[in-house]
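Since the structure comes first, as structure tokens, the remarks are kept for the end.
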Amino acid sequence: MALPISSKTGNWTPLLDSLFTSISALCVTGLTVYDTFTHWSFLGQLVILCLIQVGGIGFMTVIISISTGLGHKIGLHERQLLVESSGLLHSANLSFLVKRITIFVIMIEAIGAALLSIRFIPEFGIKTGIYYGVFHSISAFCNAGFDLMGRFGKYSSLTPYSTDSLVILTVSILIFLGGLGFIVWDDILRYKLNFKKYSLHTKIVLITSIAFTLVGSILFLLIENNHIFKEVGVKGKILSSLFLSISPRTAGFNAVDLPMLTNASIFLTILLMIVGGSSGSTAGGLKVTTVAVLFFSAFDNSRRRP
């Protein structure tokens, strides 16, 4: 990242700034010291994208996927490391599970890239449009928050597309899916839409995640209706409220100018960031399962029930 070839100016990037960017990408944090589009060259952006992908699905998952692809056997130590890092409940049929999850991730990211490319190709041309689609699809699914929209203005993120249904909904769905986690993905792949057969963990994650998304969207809409949404149409209000509810929980994108939000919305954003996503996912935070357990414990204690 520090090499001249990684920057558009052809100059060396300070080592500390390069280290910060690399860690932010690998840990899918999304914090940046430089605008990704204006500072980094194509090579630098590719390095960031690779770090995001590895950090998103997990280093051990990537290593084991490559090893099994080359025909190598997975030892007991590697199995235990993957179980601990991914949040899986057991190591049975681990090779098959990793393969299935890897295919699922690639498939979801490919669909997201294709949908985003529909919007970006007419704007930026075929090559750039496809590249933008792939970059933002991976960044969204891995909940990284890195973007290439600096061409519209530094750190503009997705604000130019705040009323674009295709872009906002696609990115929102990718963020939501990425924040569900390995265990939930495995249950969905195994049992499809048969909710009754899902594990307790999966049920809690799905119900809590949907609840936080809906409640957050409604609250943002009510709080900002006569403020930042005052001159926005109904469609824009709904899309922006939904995105404001989904993105803070770990993604790092923004479709509205965050400093313009009211103090109430900023406080709500902080609460959503604290909650985060699901265990074993690309998301951070306390995790929705932890919050759900705390809520039910408090509810039962208030009724003097064990």
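For the range 73-91, indicate whether the set of residues that are at pLDDT 90 or above and among the charged types (D, E, K, R) is non-empty. Spell out the reasoning first.
Looking only at the range 73-91, we keep the residues that are at pLDDT 90 or above, and these are none.
So far as the range 73-91 goes, no, none of its residues is at pLDDT 90 or above and among the charged types (D, E, K, R).
Given the condition among the hydrophobic types (A, V, I, L, M, F, W, C) and crowded, with 19+ Cβ neighbours inside 10 Å, answer yes or no: does some residue in the range 185-200 qualify? Let's see the steps before the verdict.
So the first thing to find is which residues in the range 185-200 are among the hydrophobic types (A, V, I, L, M, F, W, C), and the list is 185, 188-189, 193, 195, 200.
Those still in the list that are crowded, with 19+ Cβ neighbours inside 10 Å too: 185.
The answer is yes; a qualifying residue exists.
Looking only at residues that are among the charged types (D, E, K, R) and part of a helix (DSSP H, G or I) in the range 170-205, which one is nearest to LEU242 (Cα to Cα)? Steps first, please.
Initial filter on the range 170-205 (among the charged types (D, E, K, R)): 186-187, 190, 192, 196-197, 203.
Keeping just the survivors that are part of a helix (DSSP H, G or I) gives 186-187, 190, 196-197, 203.
Numbers: ASP186: 26, ASP187: 26, ARG190: 29, LYS196: 28, LYS197: 29, LYS203: 22 Å.
So the residue we want is LYS203.
Counting only residues that are surrounded by 14 or more Cβ atoms within 10 Å (Cβ to Cβ), of a type outside the set (A, V, I, L, M) and more than 13 Å from the chain's Cα centre (by Cα), the range 263-279 holds 3 of them.
Name the residue, out of GLY112, GLY133, that is part of a helix (DSSP H, G or I) and either in contact (Cβ under 8 Å) with a residue 24 or more places away in the chain or closer than 22 Å to GLY284 by Cβ (or both). If you could, list the steps in order and put the result at the bottom.
Working: GLY133 fails: either in contact (Cβ under 8 Å) with a residue 24 or more places away in the chain or closer than 22 Å to GLY284 by Cβ (or both).
After applying the criteria, what remains is GLY112.
Mind telling me which of the residues PHE182, PHE212, PHE229 ends up being farther than 30 Å from HIS39 by Cα and buried (at least 22 other Cβ atoms within 10 Å of the Cβ)? So that I can check it myself, show each step before the final result.
Numbers: PHE212 fails: buried (at least 22 other Cβ atoms within 10 Å of the Cβ); PHE229 fails: buried (at least 22 other Cβ atoms within 10 Å of the Cβ).
Going through PHE182, PHE212, PHE229 in turn, just one is farther than 30 Å from HIS39 by Cα and buried (at least 22 other Cβ atoms within 10 Å of the Cβ): PHE182.
Checked against (1) within 24 Å of GLY236 (Cβ to Cβ); (2) surrounded by 15 or more Cβ atoms within 10 Å (Cβ to Cβ); (3) among the aromatic types (Phe, Trp, Tyr), PHE152 passes all but condition (2).
Just so you know, in the range 1-31 the residues that are under 16 Å from the mean Cα position of the chain (by Cα) and assigned to a loop (DSSP other than H, G, I, E, B) include one that is surrounded by the fewest Cβ atoms within 10 Å (Cβ to Cβ), and it is LEU31. Cβ separations smaller than 6 Å between residues 6+ apart or across chains give no pair from the range 251-271 residues that are at pLDDT below 95 and among the basic types (Lys, Arg) to residues that are loosely packed, with under 14 Cβ neighbours inside 10 Å and assigned to a loop (DSSP other than H, G, I, E, B).
The values are calculated or read from the model by the stated rules, or taken from the named source; none is laboratory data. As the structure is a computational prediction, the values presented were derived from the model and not from experiment. Counting neighbours? That spans all protein chains shown, and the Cβs are built from the backbone with ideal geometry, glycine included.
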